[in-house]
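Each reported figure results from applying straightforward, stated rules to the coordinates on display, with no laboratory input. Just so we're clear, the structure is a prediction, and the values are computed from it rather than from any experiment. Neighbour counts are summed over all protein chains in view; Cβ atoms, including those assigned to glycine, are modelled from backbone coordinates with ideal geometry.
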Amino acid sequence: MRMKNKQNVAWSTFRYFVLAFLLCLSVVPLRGQPDAAVLSSPSADSLIIFSYPSRIRMFKTEYADNRLSLRKLKKRLRTFRKRQDTLYVQSYSGSWDDEKSNLRAAYWRANNLKGYLIDHYGLRERHFRTLNHPLAHPLWGEVVVVGCRGFQDCQSEIPQNRQEPASAARRQEQQEALPVALQGDKEPVDSSAVAATAVVPDAATAPVAPDAATALSTSVASSASVTPSSSTASTSTATSPSLPANGRYLGVKTNLAAWAGTIMNVAAEVQVGKHLSVELPILWCPWHISGKHAVKTFTLQPEARYWLSKPGSGHFFGLHAHVGWFNVKWNRDRYQDADRPLLGAGVSYGYLLPLGGHWAGEFTLGAGYANMKYDTYYNIDNGARIDTRTKNYWGITRMGLSIVYRFNLKK
C-alpha cells in the first residue's frame, strides 16, 4: 500500500513538470521566429502630426487633433537641447492642381507652423530642418510631420528624399481617406505605412541592424515608390519666392497722400509682439520756391499698432505721437517754431491689403491734438520778430494711403 502511494506521488509530480514545460513553450517564442516589433519600422509615436484642411495654408490649432499634438510636442521639448538637437519638419500638400502649387503650399504650411512654434515655444529657425513634398502623405493626407533628434525618449529622424508626385486619382483617394486618419489615431497605426515617409538614419549617425534595415526597406517598397531627389528639391524651402510665415513682420512704406502734398516721406514698421507692431514715419519738406515763399519742415510721427489678426495683415488700431520743426515763409511773414517743436498725439484706424507677393496697400486715418509755439518775423533778410504765439489744434493728425513692401525679420 505504501509503495502504491509513492508511485502515485511520483506520477503526479511528473505530470506537473510536463505541464509546466508545455506552458513555458507556449509563452516563450521560438528562436527562429523573431518578434515582429523588433523588425517593424519606426512607430508613429516618434512623430508628431499636424493636420491641415484641404487647400488651406494657415496652421489652425483647433483643427482635428492639432491641439493634442501641440501638447505632445510641448512635453517632448522639455528634454530638447537647443544647442545640440534638431527638429525635422516634413510638409505634405496634394490638394492643388499641379506640383508647383503643391510645393509652394507645402512651403507655406511648414513655415507657418514653424513660426507658431517660434512665437510660443521659444525655438529659433536654426533648430529646424525642413523638407517639402508636392503630394499628400500616403497615410495622413494633408499634414506637416515633425520628427525629433536628440530627445531622451525618441529615435533620431532624418528626412528622406522627395517622393514622386501622385496622380490626380491617387490624390482623390488620399483626400477621401483623410477624415479617418484624423480621428486621433484611435486604431493602431500600421508601421509599414509610416515607413513610407519615415526617416532612414544614415550609417554615421545611427547604425541599423541588418535584419531591421531589410524589413524597413521592404515596407517602404510595399507602401510607396521613392525616387532620389535632386539638389534643388532638397533645398526647396530656401528658394521659394513666397513671403515667409515665420519670424517678425517688417515693412518699409511711403505715403502717397503726403507726396501729393509735396512732402517727401518714408516709414518702417516692425513687429514687437503677437498682435503688436511699431511704425516710425519720417516726413520732410525742403522746398524753397522764391524769396517770398518757402516751406521747410521735418516731422516724426511714431505709432504703436494693435492688429486684430496679425501684424502685416488686415485691420489695426494705432496710438501715435508727433513732433515737428518748421520754418515757413509766406508773403510778408515768416513763421518758425520757438524754443520747442510742435508736439501732440492721437489715435488712428487702418487696414492693410496684400496686393501679391511682398507688396501691399495701406490706408490709415487718425485724429488727435497738437500744440505749437512759434515766432512770427517780417519776411525779409534778418527781419525783426513781430510776436510769439501758441496755438492748440484738434482734428485730423494722420492720413495715409501707402504702398508697403514687406520683409521678414528672422528671430
When the chain is fully extended, how far beyond the present Cα-Cα distance does Leu355 get from Lys100, taking 0.36 nm per residue of separation?
89.7 nm
Residue by residue, what Karplus-based ³J(HN,Hα) values in Hz, rounded to whole numbers, does segment 301-318 have, using 6.51, -1.76 and 1.60 with θ = phi - 60° and x for Gly and Pro?
9, x, 9, 9, 10, 10, 9, 5, 9, 8, x, x, 7, x, 7, 8, 10, x
Treat every Asp and Glu Cβ in segment 248-409 as -1 and every Lys and Arg Cβ as +1, leave all other atoms uncharged, and give the resulting dipole magnitude about the Cα centre to the nearest 20 debye.
60
Please give the length that would be gained between Ile56 and Trp284 if that part of the chain were fully extended, namely 0.36 nm times their separation in residues minus their C-alpha to C-alpha distance (nm, one decimal).
77.7 nm
Let me know the shape class of segment 357-410, please: from the alpha-carbon gyration tensor, a ≥ b ≥ c as square roots of the eigenvalues, rounded when a/c is under 1.5, otherwise prolate if a/b is greater than b/c, or oblate.
prolate
I'd like the Karplus ³J(HN,Hα) series for segment 276-283: coefficients 6.51, -1.76, 1.60, θ = phi - 60°, whole numbers in Hz, and an x wherever there's a Gly or Pro.
10, 8, 10, 10, 10, x, 10, 10
Met399 long-range amide H proximity, modeled H, under 5 Å
Gly366
Evaluate the relative contact order of segment 248-409 (contact order divided by residue number), counting alpha-carbon pairs under 8 angstrom at least 6 apart; express in whole percent.
22
At 1.567 mPa s and 4 °C, Stokes D of segment 266-411 from Kirkwood alpha-carbon radius, µm² per second
76
Any idea how far apart Arg332 and Lys82 come out in nm if each label point goes 7 Å out from Cα toward Cβ?
6.9
Residue by residue through segment 94-105, the couplings from Karplus 6.51 cos²θ - 1.76 cosθ + 1.60 with θ = phi - 60°, in Hz, x for Gly and Pro, are x, 8, 8, 7, 9, 5, 4, 5, 5, 5, 5, 5
Length gain on complete extension for the stretch Val266 to Leu300, per 0.36 nm per residue less the alpha carbon to alpha carbon distance?
11.2 nm
Can you tell me the order of 118-127, 397-406 when each peptide is scored by its average per-residue count of other Cβ atoms within 10 angstrom, highest first?
397-406, 118-127
